[in-house]
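Each remark here refers to the structure printed beneath this line.
Derivation of every value follows stated rules applied to the coordinates shown; laboratory data play no part. The structure presented is a predicted model; accordingly, all values stated were derived computationally and were not measured. Backbone-built Cβ (ideal geometry, glycine too); neighbour counts: all protein chains shown.
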Amino acid sequence: TRTAILISGRGSNMAALLAAARDPAYPAEIALVLSNRADAGGLARAAEAGVPTAVVESRGFRGDRAGFEAAMERVLAEHRIELIALAGFMRVLTPGFVARWEGRLVNIHPSLLPAFPGLDTHERAIAAGVRLHGCTVHLVSAGVDEGPVLIQAAVPVLPGDTPAALAARVLEQEHRIYPAALAWLAAGKVRLEAGQAVVEGTPA
Ligand code: GRF
């Protein structure tokens, strides 16, 4: 399944997906890494790995989200992309874009959704005093950080944790669960039942 990874930054999740996809048996082929920022660190890492890269600068569109997305759609079509994995992509997609890619658009978020959607999740988890935190891979629906959950991983919040220490603990889990979830989706193992994702071959 020809897959694009959309990034805005350093691309450590992208790197984890690229590493998994190096296995010929992995069901997703990473056919494109697309960034909305020319200075995203992940672009160089993708190029080093021999993966085609593209930049569609969101800045150039000055709030014209539909125009920005139309430009992205052209690049995705050129590369015959069938599946999109958001990996630290810091642009909110319009409901139109999300609807067009329904069931073929996946995201990773650094919290145990529905807790802590949005930004600064590690800081907010510490401030809230929760003992468990983590990450979620989910199908994207119109709301920000909403949509059927595919997999989650939990980590403890430890006494004296800083946001950076907690982020590192969570990131390790992100790199483990995202390749697994993308493989399920690319292999056609995910179906929706009453708005929830059911993955074939995993315990309900
Ligand atoms: C990750 O924490 C991801 O969950 C969030 O943004 C961060 C991106 O990190 N959506 P990276 O670019 O994958 O290293």
Checklist outcome for this item: Per its Cα gyration tensor (rounded if a/c is under 1.5, else prolate when a/b beats b/c, else oblate), the chain is best filed as rounded
Checklist entry - Among the DSSP beta bridges whose two residues both lie in the chain, what percent are antiparallel, rounded to the nearest 5? => result 50 percent
Next on the checklist: For the stretch 161-179 and the stretch 1-33, what is the centre-to-centre distance using only Cα atoms, to the nearest Å?
Outcome noted: 18 Å
Checklist entry - Rounded if a/c is under 1.5, else prolate if a/b beats b/c, else oblate: with a ≥ b ≥ c from the C-alpha gyration tensor eigenvalues square-rooted, which is the stretch 16-105? => result oblate
Checklist outcome for this item: Given a Förster distance of 35 Å, the FRET efficiency implied by the Cβ-Cβ spacing of ARG176 and ARG59, rounded to the nearest 0.05, works out to 0.60
Item to check | Linear extension gain, ALA128 paired with ALA70, 0.36 nm per residue minus alpha-carbon span | outcome: 16.9 nm
Next on the checklist: Under the 0.36 nm per residue contour assumption, what length would be gained going from the current alpha-carbon distance of ALA154 and ALA44 to full extension?
Outcome noted: 36.5 nm
Item to check | Neighbour net charge for ARG100 - beta-carbon separation under 11 angstrom, K R +1, D E -1 | outcome: -2
